[in-house]
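Have a look at the structure below, then the notes.
The values are calculated or read from the model by the stated rules, or taken from the named source; none is laboratory data. All of these numbers come straight from a predicted model, not from anything done at the bench. Cβ: placed from backbone, ideal geometry, glycine included. Neighbour counts: every protein chain shown. Just so you know, the surface numbers come from the protein's heavy atoms only, side chains and all, with ligands and any DNA or RNA stripped out. Shrake-Rupley method; radii C 1.70, N 1.55, O 1.52, S 1.80 Å.
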Amino acid sequence: MNGSLSGRVTDTLLSMVPSIESYSIDESFLNLGEFYEREVEPLARELRERVRRWVGIPTCVGIAPTKTLAKVANFIAKKRPQYRGVCDLRSSQMRAELLSTVPVDEVWGIGAASAAKLAKIGVQTAADLAALDPDNTRALMTVTDGRTVYELRGISCLPLELMEPTRKGIAVTRSFGAPVTTWSELREAIASYAKRAVEKMRRYKVAAENIFVFMHTKNFNNDPFYSLPKR
């Protein structure tokens, strides 16, 4: 991905989330702390779809309570088509099921040399690494590797280095939890989202010159696609 595409992806992500940490030219960590838990996975799928529409490139999203787990989730989302580009590792049950299927050398920060050391003590997967004593891991390798064990257990040791850009727009976009078929339901939802947008505007101390409302049918159920923009 070149710099121009990377910038367009970043701008697209910032149209839906409050702040991000750009980790590399083709990878970012997103701050999803202000969203309700039930909103996060639909938001991730909408982010993928928006990047595809606006920038024209495919992406994958890993959701997790720590950076290291998010990277593992992203690896799973890329490699396993059944997740349709989004893997959510927020629950301990999902981590218990999936970390044992991820080779240890796919864990962020575990290079070939570290993987070789770990193999000598029987550590083959991300789950094996998560089960190690962090102090023993630090003694065997590095302090950072000890932190990796905690991160794989869902304990954040690597906080986001967030950037809060100057805002040119505020967006509140959500997927509905159930089909919306009446105008009264839609009007109520729009009013709720408008309230969230106003709260964001107050937080960032900006004023509105234009309001843009859009809606479209679900992308994943093979029904005819309809959309409605309204300025």
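Annotation: extensible slack from Val40 through Ala139 equals 31.9 nm (criterion: 0.36 nm per residue apart, minus Cα-Cα distance). Placing pseudo-labels 7 Å out from each Cα toward the beta carbon at Tyr23 and Asp11 gives an inter-label distance of 2.5 nm. For region 54-133, the solvent-accessible area with a 1.4 angstrom probe is 48 square angstrom per residue.
In region 87-165, what percent of the accessible surface is made up of carbon and sulfur (1.4 Å probe, ligands and nucleic acids excluded)?
Answer for region 87-165: carbon and sulfur cover 54 percent of the accessible area.
Accessible surface of region 1-50, 1.4 Å probe: 46 percent of it comes from carbon and sulfur atoms. Is region 1-81 rounded, prolate or oblate when judged by the Cα gyration tensor, a ≥ b ≥ c being the square roots of its eigenvalues, rounded requiring a/c under 1.5 and prolate requiring a/b larger than b/c? Because its axes are fairly even, with a/c under 1.5, region 1-81 counts as rounded.
In sequence order, region 109-114 has phi-based couplings of x, 9, x, 4, 5, 5 Hz under the Karplus curve 6.51 cos²θ - 1.76 cosθ + 1.60, θ = phi - 60°, and Gly or Pro positions carry x.
Extension gain Met201-Ser4, at 0.36 nm per residue separation less the Cα-Cα distance, in nm?
On the way: separation 197, 0.36 × 197 = 70.92 nm, distance 2.81 nm.
Going from the current span to full extension adds 68.1 nm.
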